[in-house]
Structures are given as C-alpha cells and as structure tokens.
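Engineer: Shown below is the structure under consideration.
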Amino acid sequence: MENMVNVYFYGKKYSVPADLTIMTAMEYAGYTLKRGCGCRHGFCGACATIYRIKGKNELKACLACQTQVQEGMYVASIPFFPTDKRVYDINEIKPAQQIMMELYPEIYSCIGCNACTKACTQDLNVMQYIAYAQRGEFEKCAEESFDCVGCGCCSVRCPAGISHPMVGLLARRLTGKYIAPESEHLNNRVEEIHSGAFDDLIQQIMAKPLAELQELYNNREIEK
Amino acid sequence: MFTPEMLESIKKVEATRPERMGMEPRRMTAEEKDTLLKAYHPDYKADGFAEIKVGPNKGQKAPAELSTLLHSNSRLLGADIDLNKIDYDVDVLVIGGGGAGSSAAIEAHEAGANVMIVTKLRIGDANTMMAEGGIQAADKENDSPVQHYLDAFGGGHFAARPELLRRLVMEAPDAIQWLNRLGVMFDKDENGRMITTHGGGTSRKRMHACKDYSGAEIMRTLRDEVLNRGIPVVEFTSAVELIKDDKGQVAGAVLLNMETDDYLVARAKTVIIATGGAGRLHYQGFPTSNHYGATADGLILGYRAGAPLLYQDTIQYHPTGVAYPSQIYGALVTEKVRSLGAMLVNVDGEAFMHPLETRDVAAASIIRECSDRGKGVTTPLGTGVWLDTPMIEMIGGPGTIEKRIPAMLRMYLNYDIDMRKQPILVYPTLHYQNGGLEIGGDGFTKAIGNLLVAGEAVGGIHGRNRLMGNSLLDIIVFGRNAGKAAARKAKETELGALNLDHIQAYAGELEAAGLHTGSVSPLLLPDYARHER
C-alpha cells in the first residue's frame, strides 16, 4: 500500500499518494486541468496556489507543480489574477525615475508590510525590488526580480494594489535595452551580414558535396 | 534526500572527481557515434513507430502516437458550423502564443497588418518559456555564420534543408540584436561583450544566455511587447481545424473555447501555424520536458488540410532530464550544466563519455550505460546516471551555480538536494520534435500558398537532430520571417467562399483505408486525470 495523505481541494477531501505534487495529486483525484496548469516545471507561473495546513494559521503560497502534498493541506488555486499591466512604447520611454511614477505610481503607496516577499513562490525579495524601482534603481530592480515567474502571488497579498511582476518586467526591459552596455561585436556582425560579407561564403558551403561537408565537420577545430 | 544506495554511489563519484577534474574525455569518432545511435537511440526502435496510411506522407513512418492522431477524424466531422457567422475577421491569424507566434504577431503588426493570436492556454504557455540554456548566434570575432552552418548541419546529420538552415544562421545575430533592443537582458560583461559558452556539438562558444531563464526572459519580453502593441490575444481558445476556400487557400480556422465548449469562426487572409511540439504525446513512454499543451495540434491541422510533414520520425530526447526525485521526473536539466563543466558519470564514478557530444549521441550513450552496460543508478522510477555538478563550483569558483543556473539550484533545493555539494541523477527525457510541417525558405508551406509555419511545428530547419540553442533561435528567426511574409501576402490575397470540405475528404480516405481509431484529433490536452471507474 502506497503511503497516502489527506488533502483538501477547494475544501473537498481526497486521499492521494504522499510523493505527488499538488498538481499531479489533483489529476490523481480526477481533475482535468485547463486553467492553473502550464509548463509543469516551475517556469511559467500558471499554477499559483495558496494553502493552509489544517490546524495552522499561516497562509502559504506556492506553485502547484513544484510543491509536494502534505497531510491536512487545504488547497485553492489562483488560475488568474487581475494584475494591472500598463502599456508603453519601449522606444519612447527612458530609464529615468519618473517613468515608474507615470506608469506604476501605486508603488509609492507601499506600506512596507513585506507580505509580497513572504508570498513569493521563488523566494525573491519582492519588497526590496519594489524599493529599488521607487528609487529609479532599475538595474538593481531587474537583478533582484530576474527569477520572477509572474505567478502573481505577491500581488494577491498586496494591500497597496501593486502589480509587482509588471514593475519588475518594466525594470528589466529598461535595463536590457538602455542601461546594459551595447554589444559592439554583435552590432558589427549584424552590419557585416547586412552588407553581404558572408553571402558568397554561405553560398559556397551550401553547394559543397556531402563527402566534403562530412570531412569538414569531422575535423573541425573546437574552441577551448 | 538520496537513498542509501545512491549515497554509496556518490562516494565513488567523489573519489574519482579529483582525477577527472584535469582531464577531458575523448570525443567519439563518426563511426562510433553511428553505431551507438543505431543500437540505442529511440528513433531506431522499430516498435515505437507506425506507418502513416493516408495523406501526403502515406507510406512513411511516424511515432505510433502521432500516427494514431493522424489516423483520427476531426471533431468537427458532422458538426454544424456556420462559416458565414464570422467571429473574428483579420489579415493574419497566428495559431499559438509561444515564442514563434509572438514574434510573428509583432512583425505582422509592425508591417501594418491586422493580426491576432489565438492560443489554447495563455500567451507564453509554451516550450519557449522553459528553454533554459541559451540561444546561438555567430557574433564573435572567431566565429561566422558559415561555422554555425557547419556545426548545425553536421549535428543534424546533414539532413537540414539548406535554404532553411541558411536563414537560421544568417539571421541569428539580427535576432539577438532585435531581442536586445526589445529589452531582453542577455548575460554580458561590463564592456557589453556577450558571455557565451559551448553547447553540445558547437565548435565555437556562441551560446548566449539570460542565466538559466533564457527562454523565460525572451518569452516574457515578447509577451509584454505583444500586449503593449494591443495585438488581440484570444486565450483558452484552441484552433481545432483550418478553414479553406474554394480556391484551395486557407481562410482561417474554427476555434473552440476551451472553457465553454463553444465553437467560433476566425477568417483570415493568411494563417501562421506556431503550435510548437509534441512532448505530451509521451512517445515510447518517455517523460517529457515539454509544456502541458505540447500535443502536435498544428501538425494535425496542417496535414489534414493537405500540407506534408518532413522528418516526422525524428525526435530529440534531451540527454539530461531529471531521473530523481520523482516529483520533478522528466524535467529539463539544462545542457548549460555541462557547458559549465559538469561531467556525466556512471554508478562506479567513471566518466563514460565527453559531456558535450550532440544530444542524440549523449542520450543514446546514457541509455547504453543504463541498459546493456548495467552501470546506471537505480531510482524509484527507473534508472539514471550522475551529472557531477559540484565540478562547476570547483572550475568556476564558489557561487557559479547560483549565478549562472539559479533555476536548477532552486528546483533541486525544493527537494533538499544541494547540487553545489552533491551530484544529480539524470536520464533522457522527450524534448523536441525535430520534424514537422514542411516549408520553403520563405516560410510558406509548399502545398498551400497562404499557409505559413514557424517554430517547433516546422520540419527541416535542423535535420535529424537539433543543437542546443538553435531552437530559441529558430522561433525568433522563423517567427519574425513568418510575420513579415504573412503581412505581405495578406495584401494580395482574395478569399473565396469558405468551406470545410477537406474534413469530409479526409474522413473518406480514413474510411477507405479501414482506419477507425475511436478518437478525434487534434488532442488539445493530454489525458492525465485518473478515474477510478
């Protein structure tokens, strides 16, 4: 007999094998998932879930695909949360402090409760990256928020109504486009290709007979 | 959290580590690789395949599960769909909301087309989001698109379509620049030089990355751009059949609202299939690194409408899927772990191969180690070999793992395994569909002049095996190209009267071949729910 535990999906009790994740336990219980299920490997944030262990007060947030079931787990998934993404033209905006004030002014209403950080399924310091955004320190905000999967558990818990994943995303795009130094070698290569520098060479290799290509391939010099 | 047997084996791995640190295992010769693949790669396992009995690829083989879907009827057969009631009317219809579909939509929009995306889950719910290791482009001084071509062509067993591969490598630097200018945060040094590494089978270090969230960083940026542009995205709505017109063109798709089960009609002057892969069909019983929605839908839609497949019988098994613990069984362990120095080691602590052979060779080698050679480590769900991750910290210095592959570290720490201190157990996982719908160098299918395909649903870009980092690249290069080409083509396309006659014709072919699978296709979602009765 498998080691079983009792879990409660939306308050209804199911007995499931103890080594399952919340997601596979729901499927074991008979659910066919449409919402609340995405990459199943912890990258897409589709399966934001909250739970409480029976008899304990603390409310926890997690990704259903990355979390093992426990005895007495009361589970509710949050398949959609109305995070508030503001639209902008990436080519028009500039990485100056007022852009946050213009697009996400509510971040200045943060009361410092740290509920966002406690709710983060990736263990990020969410309140810290919002603080960086407030001060216009976009690079730090980008770095601190980089591993965000956008599940939205932070926003669910925020008394100031901040859409944290959207703030981090804006900071990352500003950093990637405007703040990180340009790649000269990349720009040079793009220009070379556009000017036709490789046109003949690529034509030549495409035209080579198979045996010659095999010979070339099997004797490539490999960069150390 | 390892078992006592695993811990015993780890001692052997630790004992040989100092000696292995200084050495580089020999690479296999071309003949050795050939013999290995034929004996151990799943593509050579005859009973995993079945002959296709109808349609343009009749007589060729395909994975048995895919053949079954190809041999099934449309769910619209006999349904009463009023094609005169148009719910969406656009220039360009993009089916699929992953990296290829989003890139296509952005470029079509940039070209002034009225474009919409339809996706059966959410935009960004795609294999793109899960690509970890990186994206190739020959943009360093010691490298060139020609070298990139040679690596990819040889790695794909000289089977790639040259005109497709040419586009892939020649437009790669441009793709990186485009992404960078959209705000993707590539790993760079303080002077702006891209930090690049090797992938299996590369001869130059041209793997660009965004830590080990490369695909996620690209996908969330593309999604944000789609939303900034106000491109309509219809989520939880699946394309279940292409619509054609009386001129033999495609003319849109019938959509299914996944939540209400209502059908909708989208009319379009050009259609781009960007539906991704097929990992959730679990060919030969393999676990998969793929997204929940990876069920080959686009292949079925295109094939039923008359577009041929190419290399539908070649599948990529990523050599390093998680073998243990069971909760993350089949999840991807990025190839970057090996790029950064971790070796593949068997139960006795022996490095049995060079860690950066191409994926098909590496997967076959691991399968051999775990089967005939009996040198695998037993796990609750099967067997695996060690990936000696502590080597990364010894080579790159303490902190390298946290900085370069934070997602991997986090995934294992969830289960109390610290990969900085202990090796991890891996086994091949179903990762990528090398084949797909056949297109020409311009991105259009050859059979239907206004139907395009982009991304993993395409066959022929990589040949019979794909190198790491060339998939994130192909979704961008071919996605962008498809968007531009579809927008152009829409301007000159005049649609005729809409019909679904091809469904009936296909049903006739199935009937004539005596095929009755008892199911309908496309699959849309895998069947994972357990029912006691």
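Computed from the coordinates by the stated procedures, all read-outs in this text should not be read as laboratory data. Remember, it's a predicted structure, so these values are computed and weren't measured experimentally. Cβ sites come from the backbone with ideal geometry, for glycine too, and all protein chains shown count toward neighbours.
Engineer: Based on DSSP H assignment, which helices of chain B show an axial Cα extent of at least 20 Å together with a mean Kyte-Doolittle hydropathy greater than or equal to -1.0?
Structural biologist: Membrane-span-like by this rule: B:4-21, B:214-228, B:470-492.
Engineer: Write out the chymotrypsin sites (Phe, Trp or Tyr not before Pro) in the stretch A:58-111 meeting two conditions: DSSP loop, and at most 14 other Cβ atoms within 10 Å of their Cβ.
Structural biologist: Here the sparse-neighbourhood loop sites are A:Phe80.
Engineer: Give me log10 I(q)/I(0) at q = 0.09, 0.20, 0.23 Å⁻¹ for the stretch B:1-132, Debye formula, one equal scatterer per alpha-carbon, no solvent.
Structural biologist: For the requested q values the scattering log ratios are -0.67, -1.19, -1.21.
Engineer: In addition: Amide H of B:Ile272: which non-local residues (sequence gap of 5 or more, or other chain) have their own amide H closer than 5 Å, using H built in the peptide plane?
Structural biologist: Amide H to amide H, under 5 Å and 5 or more residues apart or across chains, B:Ile272 pairs with B:Leu93, B:Val94, B:Ile95, B:Leu452.
Engineer: What percent of all Cα-Cα pairs in chain A falls into each 5 Å bin, going from 0 up to the bin containing the maximum distance?
Structural biologist: Taking all Cα pairs of chain A, the binned fractions are 1, 6, 11, 13, 12, 10, 8, 8, 8, 8, 7, 5, 3, 1, 0 percent.
Engineer: Rg and Dmax of the stretch A:134-224, Cα atoms, in Å?
Structural biologist: For the stretch A:134-224, the Cα-based Rg and Dmax read 23.1, 68 Å.
Engineer: Any chance you could get the radius of gyration and Dmax over the Cα atoms of chain B, in Å?
Structural biologist: Using the Cα atoms of chain B, the pair Rg, Dmax is 22.9, 73 Å.
Engineer: In the structure shown, do any of A:Lys12/B:Lys120; B:Lys45/B:Lys421; A:Lys140/B:Lys211 have a Cα-Cα gap over 26 Å, and if so which?
Structural biologist: Pairs exceeding 26 Å: A:Lys12/B:Lys120; B:Lys45/B:Lys421.
Engineer: How large is ³J(HN,Hα) for each residue in the stretch B:441-447, as worked out from phi by the Karplus curve 6.51 cos²θ - 1.76 cosθ + 1.60 (θ = phi - 60°), to whole Hz, x for Gly and Pro?
Structural biologist: The phi angles translate into x, 8, x, 8, 5, 6, 7 Hz.
Engineer: Tell me, what ³J(HN,Hα) does each residue in the stretch B:333-338 have, in order and in whole Hz, if you take phi through Karplus 6.51 cos²θ - 1.76 cosθ + 1.60 with θ = phi - 60° and put x for Gly and Pro?
Structural biologist: 10, 3, 4, 4, 4, 7
Engineer: List, in order, the whole-Hz ³J(HN,Hα) value for each residue of the stretch B:269-285 obtained from phi through the Karplus relation with A = 6.51, B = -1.76, C = 1.60 and θ = phi - 60°; use x for Gly and Pro.
Structural biologist: Ordered by residue, 3J(HN,Hα) equals 7, 9, 10, 10, 8, 9, 9, x, x, 9, x, 6, 7, 6, 3, 6, x Hz.
Engineer: Let me ask something else. Note the per residue figure in Å³ for the convex hull of the C-alpha positions in the stretch A:4-77.
Structural biologist: 73 Å³
Engineer: Scan around A:Val5 for amide H atoms under 5 Å from its own, H built in the peptide plane at 1.01 Å from N, and keep only partners 5 or more places away or cross-chain.
Structural biologist: Amide H neighbours of A:Val5: A:Val16, A:Ala18.
Engineer: Give the average over all directions of the projected area of the C-alpha convex hull of the stretch B:254-332, one decimal, in nm².
Structural biologist: 7.4 nm²
Engineer: Would you mind checking the radius of gyration and Dmax of the stretch B:15-58 based on alpha-carbon positions, in Å?
Structural biologist: Rg, Dmax (Cα atoms, Å): 19.1, 57.
Engineer: Can you compute the modelled spin-label distance between B:Lys58 and A:Glu182, with each label point 7 Å from Cα toward Cβ, in nm?
Structural biologist: 5.8 nm
Engineer: Roughly what would the spin-label model give for B:Lys446 and B:Glu532, points 7 Å off Cα along C-beta, in nm?
Structural biologist: 5.5 nm
Engineer: I'd like the mean, over residues of B:142-148, of how many other protein chain beta carbons sit within 10 Å of each residue's own Cβ.
Structural biologist: Rounded to a whole number, the mean comes out at 5.
Engineer: Can you give the Rg to Rh ratio of the stretch B:426-533, both from alpha-carbon atoms, with Rh computed by the Kirkwood formula?
Structural biologist: Computed over Cα atoms, the ratio is 1.06.
Engineer: In whole Å, what are the Cα extents of the protein assembly as shown along the three principal axes, biggest one first?
Structural biologist: Largest first, the protein assembly as shown extends 66, 63, 62 Å along its Cα principal axes.
Engineer: Hey, rough spin-label estimate for B:Asn142 and A:Ala76, points 7 angstrom out along Cα→Cβ, what's it come to in nanometres?
Structural biologist: If labels sit at B:Asn142 and A:Ala76, their model points lie 5.8 nm apart.
Engineer: Under the definition of partner shielding as Cβ atoms of other protein chains within 10 Å of a residue Cβ, what is the mean value for peptide A:77-86?
Structural biologist: 1
Engineer: Say a site is exposed when it is one of the GluC sites (Glu not before Pro), sits in a DSSP loop, and has at most 12 other Cβ atoms within 10 Å; what is then the longest site-free stretch of chain B?
Structural biologist: The longest uninterrupted stretch comes out as B:260-493.
Engineer: Using 0.36 nm times the number of residues separating A:Asp123 and A:Asn91, minus their current alpha carbon distance, what extension gain do you get?
Structural biologist: Gain in length upon complete extension: 8.3 nm.
Engineer: Evaluate E = 1/(1 + (r/R0)^6) for A:Glu139 and A:Asp200, where r is the Cβ-Cβ distance and R0 equals 30 Å; express this FRET efficiency to the nearest 0.05.
Structural biologist: Efficiency, from the Cβ-Cβ distance: 0.10.
Engineer: Now, a different point. By the 4.7 Å beta carbon criterion, which cysteine residues of chain A come out unpaired?
Structural biologist: Taking the Cβ cut-off of 4.7 Å, the unpaired cysteines of chain A are A:Cys37, A:Cys47, A:Cys62, A:Cys65, A:Cys110, A:Cys113, A:Cys120, A:Cys141, A:Cys148, A:Cys151, A:Cys153, A:Cys158.
Engineer: Can you give the three extents of the C-alpha atoms in the stretch B:100-252 along their principal axes, from longest to shortest, in whole Å?
Structural biologist: 51, 36, 27
Engineer: Hull surface divided by four, with the convex hull built on the Cα atoms of the stretch B:247-385: how many nm²?
Structural biologist: 11.8 nm²
Engineer: Continuing with this model, one more query. Taking 0.36 nm per residue of separation and subtracting the Cα-Cα distance, what length does fully extending B:Thr260 through B:Val520 add?
Structural biologist: 91.7 nm
Engineer: Please report the Cα spread of the stretch B:346-404 along all three principal axes, rounded to whole Å, starting with the longest.
Structural biologist: 37, 27, 20
Engineer: Taking the stretch A:98-179 as the region of interest, what is the percent of Cα-Cα pairs per 5 angstrom bin, listed from the shortest bin to the one with the maximum distance?
Structural biologist: Calculated over all Cα pairs of the stretch A:98-179, the distribution is 3, 19, 31, 27, 15, 4, 1 percent.
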